[in-house]
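The values are calculated or read from the model by the stated rules, or taken from the named source; none is laboratory data. As the structure is a prediction and not an experimental result, all values here were calculated from the model. SASA here: full protein model, heavy atoms, side chains in, ligands and nucleic acids out. Shrake-Rupley method; radii C 1.70, N 1.55, O 1.52, S 1.80 Å.
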Amino acid sequence: MKRRIGLFAAVVAAVVVPLGAASAAGASQEFPHLAGAYRSYADCQTAGQAGYALWGPVFQCTAGQDGWVYLYTH
């Protein structure tokens, strides 16, 4: 009986640990997805707020050196 429990625990650990590590690695990325490019910061903010259903409240507008404002989502 102890052997079966130990075997079961080893199988569960072998499945759960890699899944937990993969989700933690994905969560640690900061704003990896470029969602759009806009001519003004106000346009970018409006688009970020309008996309709430797609990416939630977390987005970032960053001005590029080329005059465009880029919308990044998490």
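Assorted remarks:
- Looking across segment 36-74, the residues that are β-branched (Val, Ile, Thr) and open to solvent by less than 70 Å² (accessible area, probe 1.4 Å) come down to Val58, Thr62, Val69, Thr73.
- Taking the criterion of being in a helix (DSSP H, G or I) and polar (S, T, N, Q), the residues of segment 30-74 that qualify are Gln45, Thr46, Gln49.
- Take the conditions (1) part of a helix (DSSP H, G or I); (2) modelled with pLDDT of 90 or more; Ser23 misses just one of them, which is (2).
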